[in-house]
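Undergrad: Take this structure, written in structure tokens, and hold onto it; I'll ask about it next.
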């Protein structure tokens, strides 16, 4: 059984995963590629990419770096786009309850897959930096 205080975090994680997948779809389509083309360029299986785009699985960091690299964007810009995809919900658009109703069997399945999450990840804020991102040179 899931404690009520953890349910909000679990639903928030589901929403973030969905926004991540939607962002991948938008960037892929903007590049003019289908899933198979992006998967080949990022050295990921097409079915695996589909799982990421459809919010069925979290991509690990090395895979996400390959995918964002193939899409010619930085990881930082990618996550900014994911955050922007979440803004309608944060600003009073569709609520998480609208997207994941409690009586939906799919929600119950997704929540059961995520119920073992130990704690929310820490929030890290970075100071604004240059638009170009990391140029590969060592500091100093």
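Undergrad: Quick one: order 26, 44, 82 by neighbouring beta-carbon count within 10 Å, fewest to most.
TA: The order, fewest Cβ neighbours first, is 26, 82, 44.
Undergrad: Which of 72, 83 has the fewest other C-beta atoms within 10 Å, and how do the rest follow up to the most?
TA: Exposure proxy ranking, most exposed first: 72, 83.
Undergrad: Taking the simple approach of a point 7 Å from Cα along Cα-to-Cβ for both residue 36 and residue 65, what is their distance in nm?
TA: The answer from the label model is 3.0 nm.
Undergrad: What is the order of 80, 86, fewest Cβ neighbours within 10 Å to most?
TA: Arranged by neighbour count, lowest to highest, 80, 86 become 80, 86.
None of the figures in this text is laboratory data; all of them are computed from the coordinates on show. All values reported here derive from a predicted model rather than from experimental measurement. Cβ coordinates were reconstructed from backbone atoms using ideal geometry, including for glycine residues, and neighbour counts include every protein chain displayed.
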